[in-house]
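The values are calculated or read from the model by the stated rules, or taken from the named source; none is laboratory data. Please read these numbers as outputs of a predicted model, since none were measured by experiment. Glycine gets a Cβ as well: all are built from the backbone with ideal geometry, and neighbour counts include every protein chain shown.
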Amino acid sequence: MTDRLHPCDQPFSRTLAGLADSLPPEGLTLGELLERLGPRGLLALCMVLTVPFLLPASVPGSSTPFGLVIALIGLQVAAGRSPRLPGRMVDRPIAAENLLPVLQKGAWLFGRMERVARPRLPALTRGRTPARINAMVMVISAILLMAPLPLPFSNTLPAYGVLFLAAGSLERDGCLVLAGYLMVALTAVYFGLLALLGMAGLQALFPGGGF
């Protein structure tokens with residue numbers, strides 16, 4: 001987790017804009033997308049996979065597979081391993097009509113994030129222990145992202161958690177990491193409230209049902 005969002009002269013937002021301009025008509029596989037992201041690696045891929053849930057750039061049925069990819073990456077980072085994805089996932093195609101708006105809107109989003117991201121609060125980003133803790137929190141957020149709930153913010157909140165944790169780790173920005181923790185906490189509270197409301201509804205419908 002040592003790469004930066006813009007380790008070279010080209011910011012990450014420009015990388016995505018360039019990918020959008022050169023996107024082949026048949027789209028890309030997940031592996032090809034990862035290769036074109038360059039040295040920023042799998043955490044940058046996690047950031048890109050959050051875009052459909054943050055902005056109007058829908059990839060139908062993407063919350064479960066994208067959340068699974070993010071969770072696998074986070075688990076391997078937390079275990080201290082070099083992250084790798086299974087061949088079946090790497091070969092998963094993403095159609096051009098779905099990927100193009102993700103790249104374009106991702107370039108816009110990350111361009112704004114690059115204006116504020118900078119190294120700070122090193123205790124939250126430097127060393128193996130913080131890296132593993134951040135990775136495990138990202139896994140939790142990815143699992144919440146995978147929940148197939150057709151409700152407002154059920155994907156948006158955990159997606160922001162992944163985005164901030166991944167970007168904070170890459171930029172060594174502890175403030176972004178803290179923002180990621182906050183979004184994961186808000187997601188847990190939101191899901192908890194939904195569960196309580198669901199139980200209350202069942203009790204109202206079936207007062208003698210033991211709920």
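A few notes on this one:
- Criterion: surrounded by 15 or more Cβ atoms within 10 Å (Cβ to Cβ) and touching a residue at least 12 places away in the same chain (Cβ under 8 Å) - qualifying residue of 118, 132: 132
- Residue selected from the range 142-157 under the condition over 8 Å from the mean Cα position of the chain (by Cα) and not in a loop (DSSP other than H, G, I, E, B), by the criterion nearest to residue 77 (Cα to Cα): 143
- Residue in the range 192-206 that is touching a residue at least 12 places away in the same chain (Cβ under 8 Å), under 22 Å from residue 67 (Cα atoms), surrounded by 13 or more Cβ atoms within 10 Å (Cβ to Cβ) and in contact with a Ser or Thr (Cβ under 7 Å, 6 or more places away or on another chain) present: no
- Here residue 173 fulfils each of the conditions (1) under 13 Å from the mean Cα position of the chain (by Cα); (2) crowded, with 24+ Cβ neighbours inside 10 Å apart from (1).
- The residue of the range 66-90 that is nearest to residue 129 (Cα to Cα), among those that are touching a Lys or Arg at 6+ places or on another chain (Cβ under 8 Å), buried (at least 16 other Cβ atoms within 10 Å of the Cβ) and not β-branched (Val, Ile, Thr), is 78.
Let's see how each residue does on (1) in a helix (DSSP H, G or I); (2) modelled with pLDDT of 90 or more; (3) of a type in the set (Asp, Glu):
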site: 6; (1), (2), (3): no, no, no
site: 15; (1), (2), (3): yes, no, no
site: 18; (1), (2), (3): yes, yes, no
site: 39; (1), (2), (3): yes, no, no
site: 70; (1), (2), (3): yes, yes, no
site: 80; (1), (2), (3): no, no, no
site: 84; (1), (2), (3): no, no, no
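- Taken over the range 116-141, residues that are more than 30 Å from residue 194 (Cα to Cα) and either of a type outside the set (Lys, Arg) or not in a loop (DSSP other than H, G, I, E, B) (or both) amount to 14.
- Contacts under 6 angstrom Cβ, first residue in the range 73-94 being farther than 23 Å from residue 23 by Cβ and free of Cβ contacts under 8 Å to residues at least 40 places away in the same chain, partner crowded, with 17+ Cβ neighbours inside 10 Å and acidic (Asp, Glu), 6 or more apart: none
- Condition met for residue 161 (buried (at least 24 other Cβ atoms within 10 Å of the Cβ) and assigned to a helix (DSSP H, G or I)): yes
- Some residue of the range 112-133 being under 17 Å from the mean Cα position of the chain (by Cα) and either at pLDDT 95 or above or of a type in the set (Val, Ile, Thr) (or both): yes
Residue by residue, here is whether (1) of a type in the set (Gly, Ala, Ser); (2) more than 18 Å from residue 177 (Cβ to Cβ) holds:
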| position | (1), (2) |
| --- | --- |
| 19 | no, yes |
| 29 | no, yes |
| 48 | no, yes |
| 87 | yes, yes |
| 100 | no, yes |
| 117 | yes, no |
| 126 | no, no |
